[in-house]
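Note sheet for the following structure.
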Amino acid sequence: MRFATHRPSQTEQASINTAKTYSPLFIRCYAKQHKLRVTSKGIKKRASLRFGVTSHKAAPRKPLAHMAQVLSPGAVPDPEPQPKQPEEWLENLNVKMICKDCKEDPPELYEDHSSGDLMCANCGLVMMQRTVDMSSEWRTFSNDDQGNDDPSRVGDGPNSLLNGAQLNTSIAFGDGMKSRELHRAQNKANLDKSNKLLLQAYKQIGALCDGWLLPGTVSDTAKHLYKDADESRLFKGKSPEALIAGCLFLACRYNNVPRSFREVMELTKVSKKEIGRTFKTLEQFLMNRDKQSSKAKVSTAGGQVVAQEGYTGTNAADPADLCERYCDVLTMARPTSNVAVALAERMTAIGILAGRSPLSSAAACIFMAGHLMNQPKTAKDIQAVVHVSDSTIRHAYKHLFQEKDKLITEDILARGADPERLPKPA
């Protein structure tokens with residue numbers, strides 16, 4: 001049995017040749033111009049169904065992530081996305097208070113401030129009794145005011161560094177003209193010039209302490225000293241800058257963070273001679289005040305009881321404290337700094353450089369420790385930090401070199417010090 005084979009007609013052969021020969025854009029424009037519904041897609045589909053003619057499809061484009069990135073000069077390529085790693089198991093440490101009857105999560109709790117109970121809003125079970133009320137202790141009428149202001153009647157406590165009771169009622173500075181006039185009139189009537197000057201001095205003391213990165217105890221001590229000196233008659237006529245410099249110098253010594261007169265002079269721009277005079281007068285004033293009463297003096301400032309400890313006087317600066325600070329400025333290693341401190345403590349105990357300035361003693365110990373630990377510093381390098389002449393440093397080192405057998409202990413040798421590295425003084 002023979003089957004008849006279908007041969008394509010001239011029109012179909014032309015359409016197939018057209019689909020093969022002409023581009024899809026040409027076919028689409030030709031069909032639109034002659035108002036035909038024949039498109040490239042339809043011709044290819046019909047040819048593939050009837051005669052098995054398949055169109056060659058273009059290879060799929062690679063995604064942009066796999067293509068080479070073209071970067072401008074200096075640009076940084078984007079990091080490749082990393083696969084998401086599974087998160088480690090972590091224990092949930094959140095503590096929730098859930099009603100044991102309702103067992104709702106999240107729970108609906110109601111706090112009764114009058115009785116201090118914490119209850120479940122659904123079943124009424126009391127879950128906590130006698131709770132502490134953490135809300136404000138005053139009533140507020142902010143919703144009744146037009147300016148949404150909170151007229152709370154709780155103010156700051158009395159400040160022992162200021163004069164007066166400091167419990168006056170002040171009129172707020174409002175938007176209206178009358179409130180402004182009342183505010184200015186009250187300031188003129190209740191203005192205390194002494195407190196204004198004290199606040200300016202306290203602000204300056206705080207700025208100076210922040211410049212040296214000193215702890216808050218030094219700033220508080222300097223402020224109390226300034227207030228005591230301001231109330232006395234011995235400092236009438238003294239400039240506030242000199243009095244502030246003297247109080248700051250004395251407060252640093254009192255809190256074991258001493259500073260030299262030269263350092264205070266560079267910070268406060270007050271002459272070294274004026275700082276020394278103010279310091280001596282201030283120290284005598286404190287010593288005479290404490291002689292009048294053998295016990296600690298108790299005073300009241302603004303309704304607050306303040307205990308003032310007796311002033312015992314300050315000694316000269318310890319070279320060990322100066323060595324530790326100057327070694328940090330010279331960027332010396334920590335073992336070298338520890339050796340310099342040990343030398344200064346041993347020198348003070350023996351009394352080798354007794355009567356000399358603590359600055360020259362500390363500079364000589366740093367010079368000696370640097371050579372012992374193979375981290376030498378020249379006298380000029382130390383001079384730029386300690387502000388002592390290089391001849392003074394070498395002269396003090398000469399005395400230390402003569403007593404090196406007493407200074408260099410076994411503890412210092414155990415830290416890696418080698419006496420053979422010490423240079424002989426000229």
If you go through the stretch 106-124, how many residues are over 41 Å from the mean Cα position of the chain (by Cα), open to solvent by less than 40 Å² (accessible area, probe 1.4 Å) and not charged (D, E, K, R)? 1
At least 2 residues that are more than 30 Å from CYS323 (Cβ to Cβ) and hydrophobic (A, V, I, L, M, F, W, C) in each: list the helices (runs of 4 or more DSSP H) lying fully within the stretch 177-271 that qualify. 177-189, 193-211
Filter the stretch 196-218 down to the residues that are over 16 Å from ALA229 (Cα atoms) and among the hydrophobic types (A, V, I, L, M, F, W, C), then identify the one that is most open to solvent (accessible area, probe 1.4 Å). LEU213
Test result for THR268, polar (S, T, N, Q) and either within 21 Å of VAL386 (Cβ to Cβ) or surrounded by 16 or more Cβ atoms within 10 Å (Cβ to Cβ) (or both): yes
When residues of the stretch 379-423 are limited to those that are farther than 16 Å from ALA362 by Cβ and β-branched (Val, Ile, Thr), the one most open to solvent (accessible area, probe 1.4 Å): THR409
Would you mention how many residues in the stretch 148-176 are modelled with pLDDT under 65 and either open to solvent by 100 Å² or more (accessible area, probe 1.4 Å) or assigned to a helix (DSSP H, G or I) (or both)? 4
Test: ALA342 is among the hydrophobic types (A, V, I, L, M, F, W, C) and touching a Pro at 6+ places or on another chain (Cβ under 7 Å): no
Regarding the stretch 85-97, can at least one residue be identified that is at pLDDT 70 or above, surrounded by 10 or more Cβ atoms within 10 Å (Cβ to Cβ) and assigned to a loop (DSSP other than H, G, I, E, B)? yes
Can you confirm whether ASP405 is over 17 Å from CYS323 (Cβ atoms) and among the acidic types (Asp, Glu)? yes
Residues being of a type in the set (A, V, I, L, M) and in a loop (DSSP other than H, G, I, E, B) - total across the stretch 98-113: 1
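The values are calculated or read from the model by the stated rules, or taken from the named source; none is laboratory data. Keep in mind it's a predicted model, so treat the numbers as computed, not measured. Counting neighbours? That spans all protein chains shown, and the Cβs are built from the backbone with ideal geometry, glycine included. Just the protein is used for accessible areas: all its heavy atoms, side chains included, with ligands, DNA and RNA removed. Shrake-Rupley method; radii C 1.70, N 1.55, O 1.52, S 1.80 Å.
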